[in-house]
Structure formats: C-alpha cells, structure tokens
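Everything below concerns the one structure shown next.
The values are calculated or read from the model by the stated rules, or taken from the named source; none is laboratory data. What you see is a predicted model; the values in this text were computed from it and never measured. Glycine also receives a Cβ, built like all others from the backbone with ideal geometry; neighbour counts cover every protein chain displayed. The accessibility values were calculated without ligands, DNA or RNA, using every heavy atom of the protein model including side chains. Shrake-Rupley method; radii C 1.70, N 1.55, O 1.52, S 1.80 Å.
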Amino acid sequence: MQPFVFWNPTEVVFGKNGVKKLGKLVKKYGGSKVLLVYGKGSIKKTGLYQQVLDSLKEAGIEWVEHSGVKPNPVLSHTREGVEKAKREKVDLVLAVGGGSVIDESKAIAAGALADCDVWEFFEFTQTIKAALPIVTVLTICGTGSEMNAGLVITNEEKKAKYGFRSPYLFPKVSVLDPTITFSVPKDQTAYGAVDAFSHVFEVYMNREDLNSPIPEGIMETLMRTIVERTPQAQENPEDYTARADLMWASSLALSGLTWCGVSAAPMLPCHAIEHALSAFYDIAHGAGLAIVMPAWMRLMKDEKAEEIKRFASRVFGVEGVDEGIEAFERWLKRVECPVRLSEASIPESDIPALAENGNRLAFHWGYKEYTKELIEKILRLAV
Ligand code: NZQ
Ligand code: ZN
C-alpha cells in the first residue's frame, strides 16, 4: 500500500425525492442568486425542471438560466455562461444534468471569478485560484463529475477536448436520486456505464501496486456491479436497484477512492485517446471508450498479462488473457456499444490525425510513452 491523501469534500444526498431538499442545500452553501445550468431539454420533458424551480422558490432563492449545454460541452457556450454569471453577479452555480452540464458549470464557476479567459486553465497557462460554489442534481450517471474535481470542455476552433482538475471544483453537494435516471434511454445508459467502468478499468490496469487487496477489491466490485446492472437497467428502465447501483458505482468510480494506495494519480491513457475521437466526431464519450479499451488491451496483452488475467477471472469469471479481452468485448456488444471505429463511422484514413490529437493530450497529462506511433498502433487494432 503506497502513501496517499484521500480528500473528497462533496456532500452526497442519495435517494428518492432529494430535489425537495435542493433549495435548503443551495442556501446552506451560500446561494441566494444562482446560475441554473441545464442541457437541451430532457429536464423539462421529465418534469424535473419544475421540481427544481419549486424547491428554489420555496427557499426564496433567485435564479438566472443558462440552458442548451450540449453533450461534449463546448468553449463558446461556456464563455457565454461565464459572461452571464459575471453580469448577473450570481453567487452559486447550480448544475441540473449529466457530466456535460456539470463540467460546463464547473468551468463557469471557475471563469466567473477569474481575470483570464477560462480556456487558459485547460492549457495550464493560468492556475485557478477560486471558484463559485457548485451544486449538482445528477440526471444521468457515468462521468463521476458530481463527486470529483475534474472537468472536460471542447475548444471547437482548436478541435481540442481538454480537461483539468482543481480542488476548488468539487461540488459542494450533489443530489443523487436514481429515479431521475429512469428516463435515460438505452444507448445513453450504456455509454454512461462504460464510462464509469473505464474509470475503474484504467486505474486497475495501470496501477503501480498489485498487492493491495482493499483498492483491488473495491475496483473489482465496482466493475462487476456495472457489468451486472447495465443490461438490467436497459431491459427495465425503472428497476430502482439497478439504477441506484449504477449511480453510486459511477460516483465512486472517479471519486479518488479507487487509486488510494495503488497510484499517486489515476492514469487514463484510453481517455486521452478517446477525447480525440469525441473532439473530431462528437460521439458519446462512453461509445468512444468502448472502441478504444479492447484495442488498448490487445496491444498491451503481454505487458499487462497479470492485470488482464485477474480482471478476466474476477470481473468476467473466465481464465486467460485472450478470454478476458473477448469476454469484455462480448459484454460491450451485449449492451449495444460500438467496438470498432467503423461502427462509429470513423474512417481508417483519419487514424494519423486522431493519433496526433490524442498524443497532444497524452503529453499534456504526462503520459510520455503514449507517442503518436503507439496511439496509432492502438487505433489500428480498433479497425
Ligand atoms: O441535454 P439533455 O436534453 O439534458 O440530454 C442529455 C444528453 O443528450 C441526456 N440526458 C441526461 N439526463 C437524462 C437524459 N435523457 C433522458 N433522461 C435523463 N434523465 O443524455 C445525453 C448525454 O448527457 P451528457 O451529460 O453529455 O452525458 P455524460 O454524463 O456522459 O457526460 C459526458 C461528458 O462528460 C465528460 C465527457 O468527456 C463528456 O464531455 N467527462 C467528464 C468527466 C469528469 N468531469 O470527471 C470524466 C469523464 O471521463 C468524461 O470525460
Ligand atoms: Zn470517462
């Protein structure tokens, strides 16, 4: 077990009807006039929007809206949110949505108190020194953004999907009501689940310590839970147990808990590669990961033989490296994810450009061994 510091200050309110407490929770963290951030309209269809407003009104909280956040949120819309937050002098950012809404909210919370352009934080040319408090109501699970300090935004002009972390960006409180995710369609349920799975998988495969049963056991339990619950939630969208297990597994997956004692920081090379895919083609992050992860395993199967064998046996109940890769790919297909570039309409001829883009981010994140050539090899195994 390596030395570590575990600090996750996000308050989690988990269970049915959490939104009723929202107004009070916002007040508790200093909100009197909030920027209400949401996506393209799912919260209006489900009735959640009205419940949020009712709770804010009951607590006497004013709000200004910033809607239309798109999946794979973009810098131009984020900048509009920063301007609005500054102009309206809001004192808290309230995100009602999935990872995209929460990430854009985090960027707005940082940008609202900054003198520089918010993109500078993503390029590491400026360091964040403060942020408005952030409160979230999660509507789709997967990214773990509701309980972590990270965010990812796409700069459309530069075709760069970059992320960073800052302790200022942990949400103060996140409301996690699994019933809100009953309306998440089959495909998005899978993409979220695969994303959460990948957060554990990447740490499991790239950890420095293979002899720590506590983090290893936590990771295996999270992965097994996601494998079992995803098809159940797809078959019966209102299966509370399946939705609840997926929600909590997703939040824990990138909360910092899994790498305590095994890595100083999570190493996420498949993410660096995937971000190139979603920056170029605007595909769902989870769909991109479903294509990249098995290809990464095929390239790493000798180097990571021990890790893959354990994964095969303890997550999928099969013995052997090839058997583990096959079982994983079978599961991805079962939950209806693409596993080849062509299934996401990504032409083979784009691989060099994707590899170059992925390498830029990998370099940014400090993964020096992930050269353009190595990433190209991985992507060729996804053809
Ligand atoms: O925009 P609306 O209308 O709300 O529709 C959304 C969107 O189309 C819909 N949806 C959300 N909740 C729903 C619902 N539909 C029906 N019922 C509901 N209850 O689902 C679609 C996808 O939403 P989105 O927020 O984009 O999904 P997700 O949570 O997967 O977020 C993806 C983004 O997060 C980033 C990804 O790269 C991507 O940009 N990530 C963030 C991370 C972090 N902050 O730690 C880590 C991850 O690795 C990831 O990179
Ligand atoms: Zn992810």
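In region 312-319, is there at least one residue being assigned to a helix (DSSP H, G or I) and among the aromatic types (Phe, Trp, Tyr)? There is at least one residue in region 312-319 that is assigned to a helix (DSSP H, G or I) and among the aromatic types (Phe, Trp, Tyr).
Cβ-Cβ distances below 6 Å connect the following pairs, each with a first residue in region 155-179 that is closer than 24 Å to residue 7 by Cβ, a second residue that is in a strand (DSSP E or B) and open to solvent by 80 Å² or more (accessible area, probe 1.4 Å), and a separation of six or more residues or different chains: 176/14. Taking region 69-181 and the helices (runs of 4 or more DSSP H) fully enclosed by it, the elements with 1 or more residues that are within 22 Å of residue 265 (Cα to Cα) and open to solvent by less than 10 Å² (accessible area, probe 1.4 Å) are at 99-111, 119-122. If we keep just the residues of region 164-206 that are within 30 Å of residue 299 (Cα to Cα) and among the hydroxyl-bearing types (Ser, Thr, Tyr), which is nearest to ligand 2 (Cβ to nearest atom)? Selected residue: 198.
Residues considered: 233, 265. Of these, the only one that is buried (at least 21 other Cβ atoms within 10 Å of the Cβ) and within 14 Å of ligand 1 (Cβ to nearest atom) is 233.
Can we say residue 22 is away from ligand 1 (no atom under 13 Å from the Cβ), open to solvent by less than 40 Å² (accessible area, probe 1.4 Å) and either more than 30 Å from residue 158 (Cα to Cα) or outside the structural domain of residue 106 (by TED's automatic domain parsing) (or both)? So residue 22 fits the description; yes.
Number of residues in region 199-216 that are open to solvent by less than 30 Å² (accessible area, probe 1.4 Å) and either more than 16 Å from ligand 1 (Cβ to nearest atom) or not in a helix (DSSP H, G or I) (or both): the value is 5.
For region 25-36, a residue qualifies if it is open to solvent by less than 10 Å² (accessible area, probe 1.4 Å) and of a type in the set (A, V, I, L, M), and the qualifying residues are 26, 34, 35, 36.
Quick grid of which residues meet (1) at pLDDT 95 or above; (2) outside the structural domain of residue 31 (by TED's automatic domain parsing); (3) over 27 Å from residue 272 (Cα atoms):
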{"site": "79", "(1), (2), (3)": "yes, no, no"}
{"site": "135", "(1), (2), (3)": "yes, no, yes"}
{"site": "144", "(1), (2), (3)": "yes, no, no"}
{"site": "150", "(1), (2), (3)": "yes, no, no"}
{"site": "160", "(1), (2), (3)": "no, no, no"}
{"site": "163", "(1), (2), (3)": "no, no, no"}
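For region 37-68, filtering for residues that are closer than 27 Å to residue 159 by Cβ, in contact (Cβ under 8 Å) with a residue 40 or more places away in the chain and surrounded by fewer than 18 Cβ atoms within 10 Å (Cβ to Cβ) leaves 0. Among the residues of region 245-264, the ones that are closer than 26 Å to residue 211 by Cβ and touching a strand residue (DSSP E or B) at 6+ places or on another chain (Cβ under 9 Å) come to 1 in all. So if I check each of 279, 287, which one is within 16 Å of ligand 1 (Cβ to nearest atom), modelled with pLDDT under 95 and assigned by TED's automatic domain parsing to the domain that holds residue 347? After applying the criteria, what remains is 279.
Say whether the condition of being assigned to a helix (DSSP H, G or I) and either touching a Pro at 6+ places or on another chain (Cβ under 8 Å) or closer than 23 Å to residue 185 by Cα (or both) is met by at least one residue in region 301-310. No - not one qualifying residue is present in region 301-310. With the requirement that a residue be basic (Lys, Arg) and farther than 18 Å from residue 102 by Cα, what does region 34-64 give you? Hits for region 34-64 are 45, 57. Here the condition is being closer than 29 Å to residue 72 by Cβ, within 16 Å of ligand 2 (Cβ to nearest atom) and modelled with pLDDT under 95; of 272, 265, it holds for 265 alone.
Within region 313-321, is there a residue that is β-branched (Val, Ile, Thr), at pLDDT 95 or above and within 16 Å of ligand 1 (Cβ to nearest atom)? No: zero hits.
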